[in-house]
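Read-outs throughout are calculated quantities, based only on the coordinates presented, and are distinct from any laboratory measurement. Note that this is a predicted model, so its numbers are computed, not measured. Every residue, glycine as well, gets a Cβ built from its backbone with ideal geometry; the counts of neighbours run over all protein chains shown.
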Amino acid sequence: MCLGIPARVVQIDESDLGKVDYLGTRVMTNFALLENIKVGDWVIVHAGFAISKLNEEEAKETFSILKEMAEEEAQENKNKERKKQGKG
């Protein structure tokens with residue numbers, strides 16, 4: 001499964017290469033597939049390419065959904081572990 005995570009554009013040069021920030025981690029990205037990208041924009045990156053642009057509200061909503069999914073998975077794993085140990 002592939003998952004596109006929102007990232008904020010922090011650097012871009014004339015060759016359509018630059019960096020995005022994933023919650024504090026900066027990653028090289030190719031912006032050639034999108035037009036009019038500028039520093040501060042939010043994008044979805046897949047396999048090193050920015051594939052779509054989104055606004056900050058959409059990015060925050062996506063982060064919220066991903067956090068909720070991670071919390072649910074962690075709880076499921078915790079419940080499975082309890083069952084294995086005979087505590088569930």
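Some points to look at:
- When segment 28-50 is filtered for residues that are surrounded by fewer than 13 Cβ atoms within 10 Å (Cβ to Cβ) and not charged (D, E, K, R), the ones remaining, listed by number, are Met28, Ala32, Asn36, Val39, Gly40, Ala47, Gly48.
- Per-region count, segment 3-18, residues under 12 Å from the mean Cα position of the chain (by Cα), of a type outside the set (Gly, Ala, Ser) and outside any strand (DSSP E or B): 1
- Test: residue in segment 70-86 that is touching a Phe, Trp or Tyr at 6+ places or on another chain (Cβ under 8 Å) and not hydroxyl-bearing (Ser, Thr, Tyr): no
- Near pairs, Cβ below 9 angstrom, 6+ apart or cross-chain, from segment 57-71 (without any contact (Cβ under 8 Å) to a residue 60 or more places away in the chain) to any residue that is surrounded by fewer than 10 Cβ atoms within 10 Å (Cβ to Cβ): Phe63/Leu23
- Considering only residues in segment 19-54 that are under 20 Å from Leu66 (Cβ atoms) and of a type in the set (D, E, K, R), the one that is nearest to the chain's Cα centre (by Cα) turns out to be Asp21.
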